[in-house]
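The values are calculated or read from the model by the stated rules, or taken from the named source; none is laboratory data. Model, not experiment: these values are computed from the prediction. All Cβ positions, glycine included, derive from the backbone under ideal geometry; neighbour counts span all protein chains shown. SASA here: full protein model, heavy atoms, side chains in, ligands and nucleic acids out. Shrake-Rupley method; radii C 1.70, N 1.55, O 1.52, S 1.80 Å.
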Amino acid sequence: EDVLITFGATEAIAAALLALCDPGDEVVVLEPYYDSYAACIAFAGATRRPVTLRPPEFALDPDALRAAIGPRARVMLLNTPHNPTGRVLDRPELEAIAAVCIEHDLICVSDEVYEHLVYDGHHIPPATLAGMANRTLTISSVGKSFSFTGWKIGWCSGPADLVAAAR
C-alpha cells in the first residue's frame, strides 16, 4: 500500500480520475454528488454515468447501479458517508458495488472524507470488502473530520500501482 499527499481531497479525486480515465471512459457516480465531481470527471475527459439515490431513504438501487454500467465504464466514484445526503451506505449496498466493480473490472475511487462523522450506522471502507483491496483508491482528508477545512490536506491511499498512477 502507498499514500499520495495532496492539497485536498478534491485534488486527490481529480488526480485519480486523470490517472485512471482516458477520454471517453465512463465514471459511475452516485447522484446527488459532491459539486466538484462533475468538473473532475469532465476534466479527465470522461463521461458521467449517474446512479440516482432517491429520497427519502437515499438507498442504492442495485438494478440502477447495474444499468449505469456502460461499455466504457472504468471507475466507480463513491462517496461514503455520502455528501450531500448524509447517507451511510450499508454492507449490502457496498457489497452490490463491490460485485459490480469486480464483474466489470472497475477501479473504485472511494471518497471517505466523512468517515469519522457517522452518527447513525457504521462506516465500512469499501477497500475492506472481498476483492476490493487491490482495486480501491481511498480518499481522505483532515478537513472534515478535524474541522480544518482551510488546511486543504488530503490523501489518496491504496495499492502501490494505483497510487503511483495518481501520483
Q. How big is the charge dipole of the chain about its Cα centre, in debye rounded to the nearest 20, if each Lys and Arg gets +1 on its Cβ and each Asp and Glu gets -1 on its Cβ?
A. 280
Q. What longest region of the chain stays clear of GluC sites (Glu not before Pro) that DSSP places outside H, G, I, E and B and that have at most 13 other Cβ atoms within 10 Å?
A. 58-167
Q) What are the residues whose amide H is under 5 Å from the amide H of VAL109, where those residues sit 5 or more places off or on another chain and H is modelled from the backbone? A) MET76, LEU77, LEU78, LEU137
Q | Gained length - ILE153 relative to ARG91, 0.36 nm times residue gap less alpha-carbon distance | A | 19.4 nm
Q: Please turn the phi angles of the stretch 94-111 into ³J(HN,Hα) values with the Karplus equation 6.51 cos²θ - 1.76 cosθ + 1.60 (θ = phi - 60°), one per residue in order, whole Hz, x for glycine and proline.
A: 5, 5, 5, 5, 4, 4, 5, 4, 5, 4, 9, 6, 8, 8, 9, 9, 9, 7
**Q.** Amide hydrogen neighbours beyond the local backbone of HIS82, cut-off 5 Å, H modeled
**A.** ARG87, VAL88, LEU89
Q: Might you tell me the accessible area per residue for the chain, computed with a 1.4 Å probe and given in Å²?
A: 47
(Q) Is the C-alpha gyration tensor of the chain telling us rounded, prolate or oblate? Criteria: a/c under 1.5 is rounded; beyond that, a/b larger than b/c is prolate, otherwise oblate. (A) rounded
Q) Considering only protein heavy atoms and a 1.4 Å probe, what is the carbon-and-sulfur percentage of the accessible area of the chain? A) 55
Q | Distance (nanometres) between label positions extended 7 Å along Cα→Cβ at ASP120 and GLU57 | A | 1.3
